[in-house]
Each structure stands twice: as C-alpha cells, then as structure tokens.
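Report on one structure; see the data block that follows.
The values are calculated or read from the model by the stated rules, or taken from the named source; none is laboratory data. The structure displayed is predicted, hence computed values, not measured ones. Backbone-built Cβ (ideal geometry, glycine too); neighbour counts: all protein chains shown.
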Amino acid sequence: MPYDDRFRSGELSEWREYSGDWSTINSKVRNQSDERGAKLISGSPYWKDYEVEADVELLGRGNAGLIIRASDIEDGVDAYSGYYAGISTDDQALVIGRADHGWLEFPPKHMQGGVIPNHVYHLTLSAVGCVIQASATDVASAQRTSTDVFDPDCITEGMFGLRSVESGGLWSKVQVKAVDAKNSSIEQSLRPTETSLYPTSQGEYPHADGLVRNADPLKGPYIPEAEILPISSLRLLAVSQPTHVNLRGVVVLTTPHIYVQDATAGAQVVLRNDSYLKIGDEIEVSGQATVDDFSVRIADATISGLAGVLPAPALSITPLQASTGNYDSMFVEIEGRLDAMLPGKDLDMKIRLSGGQQEFYAIPSTTEIAGHLRNLKEGSVLRLRGICMLGSIYTQNRLPFALVLRSPDDVKVLSGPPWWTPQHLGSMGAIMLVLGFLAHVFYGRAEQWRHQAVLDERERLAHEMHDTLAQSFAGLDFQLRAIRNHFSQKSSDIDAPKMQQELNRACELVRHSHDEARRSLTSLRPEILEKAGLAEALSQVGRRMVAGSSLLVTTHVTGQARVLPLRVVDGFFRIGQEAIANAVMHSEAKHLTIALEYRRAILFMSIRDDGEGFEKTDDYEGFGLTGMRRRAERINARLDIISDGNGTTITVAAPCRPNRLWPFSLEYIKDRWRNTVRPHDEC
C-alpha cells in the first residue's frame, strides 16, 4: 500500500480470477458474466486496516461492489472469508455483509436516487479494527449513501477485490490506501450490528428502513410486439438504402463490436450513444438496417428496453452448414482441426482450421484469447464456440466464414496433434535411415568378427595340434633315434633289456599321442592339468620327452600354489610344453630347469637349458615361437626369450589381481607378521 490501478496497460497480471469473464476495456475492468459471486482478487493476505475505493457501474440487474479482508478464496457464490459492500438493483440500496463460505448480511442502506444500470457510482469500503464502513456516491448527482457496522468477532486481515452477483459490471480507478486505527473506545461504544443469514435460495434481506426486495427487472418503454421484426426477415431488405427497423434480441458479443441474436438470426448493432452491455442482456433496438455481404447491420441504434436473461446457448453446427450463410452473426459451436497459426500481433492474429471439406478462421476478440490461442499446437482437434461471421472484414474474401471467439473457455482441445505429422514422419524416416545404416555397419562388423573368429579358431587349433601331436611325435622321434643308434652298434654290444625298455617307451608315446589327439578333438586341454596341476604337468611332460636320454629335468615351485583361471593355466602349460620340446629337439642340452613362482600379483614361469642356444633372427622365428607369443598375448602375459652360447631361457609373467585378506584373519596376521604370505591372486 498504497495501491492504484487504472487498467491502462490492458493486463490483469496482478489480479486472480475466481469465476466470471474478466477483461479490460477503455481503462476499465469488465465482467461480462452473470455468474453469482464472480470475483477478481489482488493485494496481500496480511493487509489489516485499509480502505478500497472504485467507480462501479452495473451492467444489468443484480449487484456489484468491493471485497475487503478476503482470505480462503475459492470459486463459488460466497466461497471466501471477508467483507463485501455493493450496490443492488433488487433493493435499490447499498448492501454490506460478511462472507465466511456462507453469507451474513448487515442491514442494507436505501439509496435515495435508486440504483440504475449503466450508471456510475463511486464506492468506498474500509475496515479499521472491527468497524466496517461503506459508502456509495452517485457521480452524476453527488448523492451519497453510507453505512457502518461493528462486528466484534471480525476478520482482521486479508486481500481486496471486485465482485458481482447475477450481473456484469465495470470497475475503474481502483485505489487502496492504509487507514490509521481508531480509538478502541469507539468500538466499545458501538453495539454489535445485527445480521441475517442469507440462504442459498437467495431469500429476502432484513427489511431495514422499510426496504422491500423488488424482484422485477428494470423496464423501459417497450416497443409494441407488432412492430418487432425477426432478424432473418431483414436479409430481404433492399441494399440500396437504409430502412428503420425495430428488433429484440440477446447480446451475444460485445467486443470488438456488439452483436445481438434472436431465434432466427443475428445482427451487428452500432449504438448512437456509448452503452456498456454484457453478454446475455436482452435488449430492444431501433435503428437503420442495412445488408452488407449478406450480414445485417443496425446503425444509429438506440436501446429502448433492457433486461437480464441467461446467455443464449450455442447452436451446434458443422462447418458446411456455417458456410451457407444461414447462421451469420449467431452464436454457434463448431469442431475443426487446427491447420495453421497465422502470424499477427494480439488481435491481428488468427488461426486457420478445417472441418470436413471446409476451411475457416478463428479470430480472438481479446488479447487474453489471443495469448491462449498461441499455446495451441497445429494438428489439434478443437471444439470452438463463437460468433459466425461472413463479412469480408473477417474472412478477407479468402475463406467462407470466420468464428469470433468471446472467451478462452470457448476453446476446448478434444485431442492433440497426431504423431504422424510431416515433422514426425520426417524424424522417424531419418531415425530409420540411421538405424538401417547402423544395422548395416554392425552386420558388416559382425561378419568381419565372425570371419576373424574362424581364422583365430583355425590358428588356435593349429597351435593345439602343434603342441600335442607334433610334440608327441617329436618325443617319439627322439626315442626311435635312440633305438636306431643302439642297432647301429655291434650285435654283441646290444643291450636287449634296454632296447625293450626304449621300445616300450616309444609305444607309450604312440599311445599317448593317440590319446592326446582324441582329447584335442574334444576339449583340447591336457588331462594331466586337471589331475596333477600346472607344475606337475610340466614336470611329467619334460620327463616323458627326455626319457632314455642323459638330459636331466628339474622342477622348482616357489610360493603358495592356488587355483588359477583355466585360460591362464592352459596358456602357461602350452608355452612350457613348446619350450621343453624345443630344448629337447634343438639345444643338445644336458640339463633343463623348470621354475614356477606364485608371486603376490604375478604368476612367473621360466624354462632354462644349458644347450648351444640360437641366434634370434626374423627367419629363425618358427611356428613354435610364434605360437608361444600369441598365447602370451591372449592371457595378457609378457614373454621374454634370452639365448646365448650358454643356453636359452624363456620367461613368462602374467599379472594377477590379488584377493584382499580380511582384517584380523589368520592369513592377514601372518602377512603382517612375516610379510611372506602370498594370498590367492585372481588373474
């Protein structure tokens, strides 16, 4: 506070509507609705002692006024807590009362000049402590009527607002200012004002000052019924000159022009003098009628009668029926699909719709409706209520008719835009192309992976055959050469038992090769690994290959042996098997050492012979050494080959992730105490 709103901006952003049809016009706020208890609220819920004043004008029978100290506000007749004061045509009085989701009315105050529709009254309502004061002044005659009431259990704070009951209204020059609290002794000297419960059936007020409710509508000098013409008959008038006519109808549109409708048709009315009408007013019009673009227009019109009735219901028709012209200037309801949003600012914008085979425009009559239309989506199916217009000013001679919308409530979205819009179809097509391309690429990659997997499998099988059959045959060759060497000696030097032993070994190698080939065709994994473990399997392979020769094989294991992943064990075994076979066949060594060490995070293996060694060149790398390197890469191991005149050493090291020891477990304590514990690693 203070607060002052002259409504020059044409916006109601600081106000909140509770029922009614509120809009601004010519620096005034207007409610065109006949709803009981339409409210427009603003201000702070913590305002206490203050005064509200405004110029108020009734647009028909009923009452309109101001609200003060309002809270707990909802849609409904008396759905709020607060005080209300207004001018009433029914009682020709200034009424004041308290609403608390019900109505307690204080005695109304008779206005000497009466309450006349379309007449301006300056209304003031204040609340100081528990004293509520109201006054109404006829702006034309300066006659003032005032009243005050004392409500001991009063509402102490709340917002302010505008309210009308069973009538439209106009409010302007709304001001709010703080009022100093009066001396509490004044309140103590006042007696509580008597109230009367106002029932929902709109029963009578308490008859203070001898007032009696007048339920009859205001009446003017009605035109005789015989002189009233139906609007549809005016379409047969000659276009060349205006004709004076009298008609009676209900107001169906007030902005941007006034239109009235009777049971037969509708017409535009241009008043001689400004008069604020609201939708639903029944009026009798006298004026000069002309027909333009099949539309009836009453110019230089005067209102000879006024009454308030329920607004005319919309006629539900199809776009084809509207295009015939039989419903020109009438309030209709039409369904259509939103095809395009035509550019324009505020009231210049419009939307194009289609229904059946007919296209038409929908035009807003207020900026509020224009803002609501901009939120609609193209392709939506709408149900619209408005005034059907055939004039070129609305259709621009492009479409058969246009629909002028009166309120945002006249637009209802039946269904949103379909998903198969051109934009969506284009997006889906692009997505399908991308998915098709990705599928093609993935299929091509899958074929490459499959082909590479076949090649890798063939190579793996080749290495497996080399590591099994070829090495077994190498051992068999070693044994047969030893037997041949024995036969090359003198017959007297031949050791028959030894020859028999070597032949048995050769047969055992043949049988072993056969078994190994059979197992290679199934799992390609040596059976000895499953039974004896890695270290023992390597030791047996070495002893079997060198059996009957002077080559000595020794095996050393360091660390705590544990269960390892099968692929790691198999890789180490095949690399060790190949290294042993190479040493037996090519090194001419006397001693072969196999060492296996289980470290904390590494599994380490070395195979060393004391033979002649070899010179490492690209040409020397045969199938066996290449296979060892491939196997090391598959298990993420490092393979090193060191060869000189003192022999050859092959080392393999595979990183392993150690398992964590549980704190305070026996292994944990041993590891901390001795620092020698080797936990089970996970390679």
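Scanning segment 24-39 for residues that are in contact with a Gly (Cβ under 9 Å, 6 or more places away or on another chain), farther than 12 Å from residue 174 by Cα and either touching a residue at least 40 places away in the same chain (Cβ under 8 Å) or part of a loop (DSSP other than H, G, I, E, B) (or both) yields 25, 30, 31, 32, 33, 34, 35, 36, 37, 38, 39.
Evaluate the following for residue 44: is it closer than 16 Å to residue 118 by Cα, part of a loop (DSSP other than H, G, I, E, B) and in the same structural domain as residue 176 (by TED's automatic domain parsing)? No.
So residue 263 clears everything in (1) within 53 Å of the chain's Cα centre (by Cα); (2) modelled with pLDDT of 85 or more; (3) surrounded by 14 or more Cβ atoms within 10 Å (Cβ to Cβ) except one condition, right? Which one? Checking residue 263 against (1) within 53 Å of the chain's Cα centre (by Cα); (2) modelled with pLDDT of 85 or more; (3) surrounded by 14 or more Cβ atoms within 10 Å (Cβ to Cβ), the one that fails is (3). Go through the residues of segment 234-243 one by one and say whether even a single one is at pLDDT 90 or above and loosely packed, with under 14 Cβ neighbours inside 10 Å. Looking through segment 234-243, none of the residues is at pLDDT 90 or above and loosely packed, with under 14 Cβ neighbours inside 10 Å.
Among the criteria (1) under 52 Å from the mean Cα position of the chain (by Cα); (2) surrounded by fewer than 22 Cβ atoms within 10 Å (Cβ to Cβ), the one residue 253 does not fulfil is (2). Taking the numbered list (1) surrounded by 15 or more Cβ atoms within 10 Å (Cβ to Cβ); (2) under 32 Å from the mean Cα position of the chain (by Cα) in turn, residue 371 passes all entries but (1).
Counting residues in segment 339-359 that are part of a strand (DSSP E or B), of a type outside the set (Ser, Thr, Tyr), in contact with an Asp or Glu (Cβ under 8 Å, 6 or more places away or on another chain) and not assigned by TED's automatic domain parsing to the domain that holds residue 391 gives zero. The residue that is farthest from residue 394 (Cα to Cα), among those in segment 243-265 that are among the aliphatic types (A, V, I, L, M) and assigned to a loop (DSSP other than H, G, I, E, B), is 263. The sole residue among 414, 403 that is touching a Gly at 6+ places or on another chain (Cβ under 7 Å) and closer than 30 Å to residue 367 by Cβ is 403. Where strands (runs of 3 or more DSSP E) fall wholly inside segment 599-683, the ranges with 2 or more residues that are more than 26 Å from residue 588 (Cβ to Cβ) and modelled with pLDDT of 60 or more are 602-609, 647-655.
Just the residues that are at positive phi and at pLDDT below 80, please, taken from segment 501-545. Result: 524, single match. Hey, any hits in segment 274-287 for a residue that's closer than 22 Å to residue 167 by Cα, at pLDDT 90 or above, surrounded by 18 or more Cβ atoms within 10 Å (Cβ to Cβ) and of a type in the set (Phe, Trp, Tyr)? No, there is no match, as no residue in segment 274-287 is closer than 22 Å to residue 167 by Cα, at pLDDT 90 or above, surrounded by 18 or more Cβ atoms within 10 Å (Cβ to Cβ) and of a type in the set (Phe, Trp, Tyr). Looking only at segment 627-647, count how many residues are buried (at least 19 other Cβ atoms within 10 Å of the Cβ), under 22 Å from residue 459 (Cα atoms) and of a type outside the set (A, V, I, L, M). Result for segment 627-647: 2.
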